[in-house]
Structure formats: structure tokens, C-alpha cells
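Enquirer: Starting off with a structure, shown below.
The values are calculated or read from the model by the stated rules, or taken from the named source; none is laboratory data. What you see is a predicted model, and the numbers here were worked out from it, not measured in a lab. Here the Cβ is made from the backbone with ideal geometry for all residues, glycine too, and neighbour counts use every protein chain on show.
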Amino acid sequence: MGFPPEFKVVVDKEKCIMCRRCTIECPYGVHVWDEKKKTIIRKEENCVACQRCVFTCPTKAIQIEVRPPAYSPHPVWTEKVRRDIRLQAETGSVLLVAMGNEEPYRRYFDHLVIDACQVTNPSIDPLREPIELRTYLGAKPDYLELEESYSDIKLKTELTPNLKLETPIMFAHMSYGSISLEAQKSLAMAAKEMGTYMGSGEGGLHKDLYPYADHIIVQVASGRFAVHEEYLKVGAAIEIKIGQGAKPGIGGHLPGKKVTEEISQTRMIPVGSDAISPAPHHDIYSIEDLSRLIYALKEATRYKKPVFVKIAAVHNVASIAVGIIRAGADGVVLDGFTAGTGAAPQVIRDHLGIPIEVAIAAVDQRLREERIRNRGSIIASGGIRSSADVAKAIALGADAVYIGTAALIALGCTVCKQCHRGKCAWGIATQDPKLRKRLKPEEGARRAANLLRAWSFELKEILGALGLNSIESLRGNRDRLRGIGLTEVELEVLGVKPAGR
């Protein structure tokens, strides 16, 4: 059984000059030239609304519209539900999807507002007074010992390695394979320019990224792809990936058709072979096992790199985070259930995990109660869409945030949710050489850096409105947040007062 198209391709025939640009630009076979009829046929059933044809049409003759519901309306058996059932009845397969959770769960960031100053605690003008966005990620000592002399004061306490961020925003881990080398280069160049970091993802580090490695956090996942001494030493920090928010409890899979010669060399696997990361690390079945890996990585890098541990946000996340910090990690990365992915089963992406806002608050509070908050940083990830989200995440208890989907949108992504197909029309989530050429790293880096620059300016405006002159003064300061439309239980978990109180 066929399916009615989701999208409608509308072409203004008066504007169309039959240049055939759309047939070249569309990788999904929507616009097809018919040599016999000397016309362009539109195969709407292939359209994913990536908007490439709309943006590149020289006469702006094309428009993509959402088709009206093709099924009789029903509040429970929606058109999407019926499409999914019919597709699975046809194929007998798991539904694979990309990007983030699409279910209409409550987004707590949208129900939190930030308090502001008025008279008794005056605001600060960020254009005329300095406001500090710099922060440090890693373990801090319980106290500092100083040594005084006649001419100087020296620090006696030996500090552990920390990452210095000029803005509390980093680019999330997206592996070489899930996205193109050009996309990774764009983010690496932007991270270096803005004094922050990007994640390598679990796909190793291409040699072309080594010049930017002092601004790259390398990842060790269950598949151990490309994990070798040089890889560990060249990065600025190491992140052990236990889980991710878009697919808690399951592993990763890069299809063999995406494993090109370059990816084969970088990941150290045969060309065309599936790159499978198992759900568990087969050498980690307890906190003690995790501690051994943490210290093995620290030993391999001569204790010069901080080691973070990434986990998906789940119901007992606070207890897990405490164990991770006590195991010797310098920070914990919390990935909420609105996080994006290159490919995941739809049922996992949309129904497993908990919101990142709840996870941040729970972990920060528990680490404070255990009196070990200084021994590890909290990095929040998953569904960060704006500078306001960044500020709210930090006020809930995060030290810094990762952004993934927002960074890809800055590069040109239109969120058509087809990353797993490897046909990205914008040259981002693809390994097709022709498609990759569409993304110029220099232009991508400019746009990604501009996004961080704009958000950083806005963060200073927010801090000024709060009467704070540093981002670290906002960290865990939940008293500067107020909840709107939240229940007493939700407010209690978040540690936030209702608006008006």
C-alpha cells in the first residue's frame, strides 16, 4: 500500500524558466527531468521538506507546503500514528528517525522566567561595565593554601587540569560519519575563534582537525573507535560516553554504506563495515569499573587532561552523578531526552529519558548535599535553543552547556529529520562528496561563531539585568528563577519558587 505525500510541491509556472537547477540540487529525487516530454516531473512522495530547492531556485518559483490531513481526523489515531503503523505493517522494521524528540512533552525552560533587578540591587549596564562569561570546567580543591613572601603571594595548592571557556557554550559531540568533515571543521574553527570547545563524537579525529585539537574534547565510547594514545593526548579533554539523551540504554550504529575510505582510516575499521557501538561498555559494569577506566585515561595522558563522563538523563541521575564524581571524573555531562541524534529508533527517542531541566537541578542539589559540588562540573545538553535556555540551565546548576541541533541549524540545517539517510541536501549529515561540497567550512565557521557571539552578548544582557557581573555568580542560583504554570511537585523538584513569591 502506498502513502499519500506529506508535502506538496507548488511551482509558479510563470516564474519557472526550466533551468533544471532543482533537479541538480535535490538529492531525494523529487524533481526529475523527463527527456521525452522536455519537462520536470515532481515526485512529491519523495519530498522531505529540506527546502533546498526553495532556497536555490534562481526565480523563487518553488514553494513546499504541508498537505492537509489525508486521513479522517481522529484525536487519538492521528495521521502520524496511522502512517507509522502502516509503514511497519509494510516493512516489519523498526522506525528509524533523526533529530530530537517530537512528542508534545512539557518544555520546562518555557515555564521558567528569570528574575530581574530594580532599585535595591541595581542592574549593570553590560556596554559600560565588565561582565565575565569565562568559566572553568573540572575539579576544584576543597580549599586553597597560599604562601606569602615579602614581594609576592604564591599558590601552594596543586590544581587539577581544567578547561578554560570564554563563553559557557560548547558544540556537542557529533561524530565523523554522522556529520561531514566539513561540518566538523566548521565547528572546530568556530570553537577556536570563540575560545570554547567542540566534541569529536565517537568517530575518532580526522587528521585535518588536529590543528584545532586544543579546542576539541575527544570521546571514548563503547565501540572504542580510533581510541589510541595520540588521539587521547592531542585533545583538550576526554569524555567517556556511557549514554546519550536521544537513545538512553542503547548503542550507536553507523551503517556500512557511510563508512568511506576516509572514515575507515579515521575509525580504524574496514571500508563498508557497520560501525556498531554496543549498548554497554563491556568493561564497565560498576562504578568501580568506571573508576578504573577514568584513571587509566588519566594515566595515559599523564594527568594533564580532565576526564568527563556523559550519561543520559534518567530517573536516578543524581545518584549516578554522585558515583561518577566520587569515581574520579572531573565532570558529568547530562544529556536530556530532547537531545538530537543522527539515527535512533523512534520509540526510544520519543519515550525514554527525563527532561534536562529536572536532571540539572537534581544533580546540582545532590552534589551540594554530599558536599562534593566543587569536585566536578556539570555540563548540560539536549534541547538548548537560545541564550535564555543557556541562562536558565546555568541558574538550575549547570557550569556550561553543549549545543548540537542549534549549531547545525547555524550551518544551514533545516531540520528535515533525514540525517540517517545520508542524503543531507545542505552537506552536513552526509558523506556524499558532491553534497559535502555544498558546505564551505569557512562560511560555516563564520555562522557558528556568530551564533555563539550573539548568544554571549545576550547572556551579558541577562546577567546585567540580574545585577550580576559574572556567569559563575548565576550558577546554581535558582532563587533567580520563577516558575509559571507548574505544579508544586514540579517546582519542588526544580528547586524553584512560583512567580509572585
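Enquirer: When both residues are 6+ apart or on different chains and their Cβ atoms are under 7 Å apart, which pairs have a first residue that lies in region 117-145 and is free of Cβ contacts under 8 Å to residues at least 24 places away in the same chain, and a second that is loosely packed, with under 10 Cβ neighbours inside 10 Å?
Expert: Close Cβ pairs (under 7 Å, with a partner that is loosely packed, with under 10 Cβ neighbours inside 10 Å) amount to GLU145/LYS156.
Enquirer: Taking region 169-181 only, how many residues are outside any loop (DSSP other than H, G, I, E, B) and either buried (at least 24 other Cβ atoms within 10 Å of the Cβ) or free of Cβ contacts under 8 Å to residues at least 24 places away in the same chain (or both)?
Expert: So the first thing to find is which residues in region 169-181 are outside any loop (DSSP other than H, G, I, E, B), and the list is 169-171, 176, 179, 181.
So of that shortlist, the ones also either buried (at least 24 other Cβ atoms within 10 Å of the Cβ) or free of Cβ contacts under 8 Å to residues at least 24 places away in the same chain (or both) come out as 169-171, 176, 179.
Looking only at that region, the number is 5.
Enquirer: Please indicate, with yes or no, whether at least one residue in region 328-338 is over 30 Å from SER178 (Cα atoms) and either touching a helix residue (DSSP H, G or I) at 6+ places or on another chain (Cβ under 9 Å) or among the small types (Gly, Ala, Ser) (or both).
Expert: Yes, because at least one residue in region 328-338 is over 30 Å from SER178 (Cα atoms) and either touching a helix residue (DSSP H, G or I) at 6+ places or on another chain (Cβ under 9 Å) or among the small types (Gly, Ala, Ser) (or both).
Enquirer: Taking VAL401 as the residue in question, decide whether it is modelled with pLDDT of 95 or more and assigned to a helix (DSSP H, G or I).
Expert: no
Enquirer: Please verify whether THR414 is surrounded by fewer than 24 Cβ atoms within 10 Å (Cβ to Cβ) and on the phi < 0 side of the Ramachandran plot, treating the condition exactly as stated.
Expert: Yes: the conditions hold for THR414.
Enquirer: If you go through region 226-240 one residue at a time, do you hit one that is touching a Ser or Thr at 6+ places or on another chain (Cβ under 9 Å), more than 18 Å from LYS298 (Cα to Cα) and modelled with pLDDT under 95?
Expert: Checked region 226-240: no residue is touching a Ser or Thr at 6+ places or on another chain (Cβ under 9 Å), more than 18 Å from LYS298 (Cα to Cα) and modelled with pLDDT under 95.
Enquirer: What's the number of the condition ILE428 fails, among (1) farther than 21 Å from GLY203 by Cα; (2) crowded, with 20+ Cβ neighbours inside 10 Å?
Expert: (1)
Enquirer: With respect to HIS282, determine if the residue is part of a loop (DSSP other than H, G, I, E, B), out of contact with any Gly (no Cβ under 7 Å at 6 or more places or on another chain) and closer than 24 Å to ALA172 by Cβ.
Expert: Values: part of a loop (DSSP other than H, G, I, E, B): yes; out of contact with any Gly (no Cβ under 7 Å at 6 or more places or on another chain): yes; closer than 24 Å to ALA172 by Cβ: no.
No, not satisfied.
Enquirer: So TYR231 ticks every box in (1) in contact with a helix residue (DSSP H, G or I) (Cβ under 8 Å, 6 or more places away or on another chain); (2) surrounded by 19 or more Cβ atoms within 10 Å (Cβ to Cβ) but one. Which box is left unticked?
Expert: So TYR231 meets the others, but not (1).
Enquirer: Consider region 406-418. How many of its residues are more than 14 Å from the chain's Cα centre (by Cα) and either among the hydroxyl-bearing types (Ser, Thr, Tyr) or in a helix (DSSP H, G or I) (or both)?
Expert: So the answer is 1.
Enquirer: Could you list, ordered by first residue, the pairs with Cβ atoms under 6 Å in which the first is in region 369-390 and touching a residue at least 40 places away in the same chain (Cβ under 8 Å) and the second is in a helix (DSSP H, G or I) and of a type in the set (Phe, Trp, Tyr), at least 6 apart or interchain?
Expert: SER387/TRP455; ASP389/PHE109
Enquirer: Related question: Counting only residues that are modelled with pLDDT of 95 or more and in a loop (DSSP other than H, G, I, E, B), which one in region 142-166 is farthest from VAL332 (Cα to Cα)?
Expert: Of everything passing the filter in region 142-166, GLU166 is farthest from VAL332 (Cα to Cα).
Enquirer: For region 378-386, does any single residue satisfy the condition of being part of a helix (DSSP H, G or I) and of a type outside the set (Val, Ile, Thr)? Show your work before the answer.
Expert: First, pick out the residues of region 378-386 that are part of a helix (DSSP H, G or I): none.
The answer is no; no qualifying residue exists.
Enquirer: Let me ask something else about it. Looking at region 261-279, which of its residues are under 24 Å from the mean Cα position of the chain (by Cα), under 26 Å from LEU209 (Cα atoms) and in a loop (DSSP other than H, G, I, E, B)?
Expert: Listed by number, the list holds a single entry, ASP274.
Enquirer: Of the residues ASP84, ASP110, only one is of a type outside the set (S, T, N, Q), outside the structural domain of THR341 (by TED's automatic domain parsing) and under 23 Å from ARG475 (Cα atoms); which? Talk me through it step by step, then tell me what you get.
Expert: Values: ASP84 fails: under 23 Å from ARG475 (Cα atoms).
Result of the check over ASP84, ASP110: ASP110.
Enquirer: Please work out if ILE360 is assigned by TED's automatic domain parsing to the domain that holds HIS420, surrounded by fewer than 24 Cβ atoms within 10 Å (Cβ to Cβ) and part of a helix (DSSP H, G or I).
Expert: So ILE360 fails the test.
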